[in-house]
Amino acid sequence: VGYPYFIPDEKEPVNIKWRGVNSKEFRQEAGTYRVLYNITLWGETDELIWVEGENDVIALNECGIWNVTTLSDGAINENDKSIDGKLKSLHNSFEWIKHFKSHVLAGDMDSSGKRLREELIKILNPAKCKIVDWPDEIKDANQALLTHGKEFTASCIKSAAKVPLSGYRDWETDR
């Protein structure tokens, strides 16, 4: 299966990520430009949703949610010491993400997904981030769609909670 990566004003993909049909093996063309997935379909919105993998992007697209992306090089392993390579697509896409006022982090609920969430919060600004905590039996957006349907999956995204900011008080709730 091939996942083409496009950028605005380019007719040809700048990268193609390949996934084995019977396995979870991935490869990308050598020397390609690493960018975030789905850039040309985000539309005019102030919020960007982050997931962990192209199939999760496609699952949310199936739910009518288009402002969703993933890194081209997958999640950050919980033991990875150097993460620059995994974040290259984010850095290369900064011009396309800097205008977003909020970011919904809806990655996988495993240790690698949680590590990715932590790193994205640091990079994107905790005050701009919300978190989707999938229910216990749900690993990710794709599984949510397959087991519970479109409405459930979209409602999980809509119910994302703001990242708690330590040292700050919420003037509405802390009166």
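General remarks:
- Qualifying residue in segment 72-90 (condition: of a type outside the set (F, W, Y), modelled with pLDDT of 95 or more, crowded, with 17+ Cβ neighbours inside 10 Å and farther than 22 Å from V14 by Cα): no
- Matching option when the condition is β-branched (V, I, T), farther than 20 Å from K130 by Cα and either open to solvent by less than 20 Å² (accessible area, probe 1.4 Å) or part of a helix (DSSP H, G or I) (or both), among V35, V57: V35
- Pairs with Cβ under 8 Å, 6+ apart, first in segment 15-43 and more than 26 Å from F100 (Cβ to Cβ) and touching a residue at least 40 places away in the same chain (Cβ under 8 Å), second in a loop (DSSP other than H, G, I, E, B) and open to solvent by less than 50 Å² (accessible area, probe 1.4 Å): F26/G20; F26/G74
- The lone exception for P4 - which of (1) in a loop (DSSP other than H, G, I, E, B); (2) out of contact with any helix residue (DSSP H, G or I) (no Cβ under 7 Å at 6 or more places or on another chain) it fails: (1)
- Across segment 38-49, the qualifying residues are those that are of a type in the set (D, E) and assigned to a loop (DSSP other than H, G, I, E, B), and the one among them that is surrounded by the fewest Cβ atoms within 10 Å (Cβ to Cβ) is E44.
- Picking from residues in segment 91-113 that are open to solvent by less than 50 Å² (accessible area, probe 1.4 Å) and among the hydroxyl-bearing types (S, T, Y), the one that is nearest to I7 (Cα to Cα) is S93.
The values are calculated or read from the model by the stated rules, or taken from the named source; none is laboratory data. What you see is a predicted model, and the numbers here were worked out from it, not measured in a lab. A quick note on method: Cβ atoms are made from the backbone with ideal geometry, for glycine too, and the neighbour counts reach across all protein chains shown. These accessible areas exclude ligands, DNA and RNA; they are computed on the full protein's heavy atoms, side chains included. Shrake-Rupley method; radii C 1.70, N 1.55, O 1.52, S 1.80 Å.
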